[in-house]
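Enquirer: If you scroll down you'll find the structure; I have some questions about it.
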Amino acid sequence: MAERLESLKAGIIGGLSLGVICLITSLLNTLVLARYFEILISLQVKWDWQLLISWAIATFSGLLFGVTYRYIIRQDQNPQLNAGGVMAFALVRGLAQLELDWSLAGVVLAGESVLWFIVAAIVLDKALQSGWVKPFPSI
C-alpha cells in the first residue's frame with residue numbers, strides 16, 4: 001500500500017507540473033509566437049472548452065508519466081534511464097502532433113512536448129531528492 005501511495009504522489013506531482021507548463025506554453029504561444037510570427041498563427045489558443053480539454057489531457061499524461069517515471073528510475077543513478085523515460089513520453093506525444101500538422105507549428109508543438117516532459121522530470125527529480133516522494137526500490 002505504501003508503494004501505491006508513493007506512486008500516486010509521483011503521479012500528482014507529474015500531473016500538476018505538466019498542467020502548469022501546458023498553461024504557460026499556451027499563454028506563450030498566444031501572446032508571443034502567434035502574435036509576432038505570422039506563420040505560427042495556428043498556435044494561438046482560444047480560451048474555451050478546447051483549452052480545458054487539452055489541459056486535462058496534458059495533466060493526465062503528466063500523471064501517467066509521474067507514476068511511470070518513478071518506476072523507470074528506481075534508485076539507480078543512470079542518466080540514460082531518465083532521458084529514455086522522458087523522451088519516450090515526449091516523442092509519443094510530439095510525433096503524434098507532428099503527424100497531424102506537417103508545418104512549422106507542428107514542429108513547435110513537438111518541441112513543446114519535449115519541454116513539458118523535461119520540466120516534469122526535473123520537478124519529479126527534485127521531489128525524489130527532497131524526500132517528498134520515495135524512489136521505487138531497485139530489484
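Enquirer: Sort out which residues of segment 7-23 are within 11 Å of residue 123 (Cβ to Cβ) and either crowded, with 18+ Cβ neighbours inside 10 Å or basic (Lys, Arg) (or both), and write them in order of number.
Expert: Of everything in segment 7-23, those that are within 11 Å of residue 123 (Cβ to Cβ) and either crowded, with 18+ Cβ neighbours inside 10 Å or basic (Lys, Arg) (or both) turn out to be 10, 13, 14, 15, 17, 18, 20, 21.
Enquirer: Output the qualifying pairs, or none if there are none: Cβ atoms under 7 angstrom, residues six or more apart or on different chains, first residue in segment 120-134 and touching a residue at least 40 places away in the same chain (Cβ under 8 Å), second residue part of a loop (DSSP other than H, G, I, E, B) and of a type in the set (A, V, I, L, M).
Expert: Within 7 Å, the pairs are 127/133.
Enquirer: Could you tell me which of the residues 111, 66, 94, 106 is in a helix (DSSP H, G or I), buried (at least 20 other Cβ atoms within 10 Å of the Cβ) and at pLDDT below 90?
Expert: After applying the criteria, what remains is 94.
Enquirer: Let me ask something else about it. When the residues of segment 24-39 are narrowed to those that are surrounded by fewer than 16 Cβ atoms within 10 Å (Cβ to Cβ) and within 18 Å of the chain's Cα centre (by Cα), which ends up nearest to residue 137 (Cα to Cα)?
Expert: We begin by selecting, within segment 24-39, every residue surrounded by fewer than 16 Cβ atoms within 10 Å (Cβ to Cβ); these are 24, 27-28, 31-32, 35-39.
From what is left, the residues that are within 18 Å of the chain's Cα centre (by Cα) are 24, 27-28.
On the way: 24: 34, 27: 39, 28: 39 Å.
For segment 24-39, the residue satisfying everything is 24.
Enquirer: Look through segment 40-63, keep the residues that are surrounded by 16 or more Cβ atoms within 10 Å (Cβ to Cβ) and more than 16 Å from the chain's Cα centre (by Cα), and return whichever of them is farthest from residue 129 (Cα to Cα).
Expert: If we filter segment 40-63 for residues that are surrounded by 16 or more Cβ atoms within 10 Å (Cβ to Cβ), which is where we start, we get 40, 43, 45, 55, 58-59, 61-63.
Among the residues that remain, those that are also more than 16 Å from the chain's Cα centre (by Cα) are: 40, 43, 45.
Working: 40: 39, 43: 36, 45: 35 Å.
Per the stated criteria, the residue is 40.
Enquirer: Taking into account only those residues within segment 72-91 that are assigned to a helix (DSSP H, G or I) and among the polar types (S, T, N, Q), which is surrounded by the fewest Cβ atoms within 10 Å (Cβ to Cβ)?
Expert: Here the answer is 80.
Enquirer: To continue, here is another question. What residue, of 92, 108, 114, is within 25 Å of residue 12 (Cβ to Cβ) and touching a residue at least 24 places away in the same chain (Cβ under 8 Å)?
Expert: Numbers: 92 fails: touching a residue at least 24 places away in the same chain (Cβ under 8 Å); 108 fails: within 25 Å of residue 12 (Cβ to Cβ).
None of the other options fit; the residue is 114.
The values are calculated or read from the model by the stated rules, or taken from the named source; none is laboratory data. What you see is a predicted model, and the numbers here were worked out from it, not measured in a lab. Positions of Cβ are backbone-derived with ideal geometry, glycine not excepted, and every protein chain shown enters the neighbour counts.
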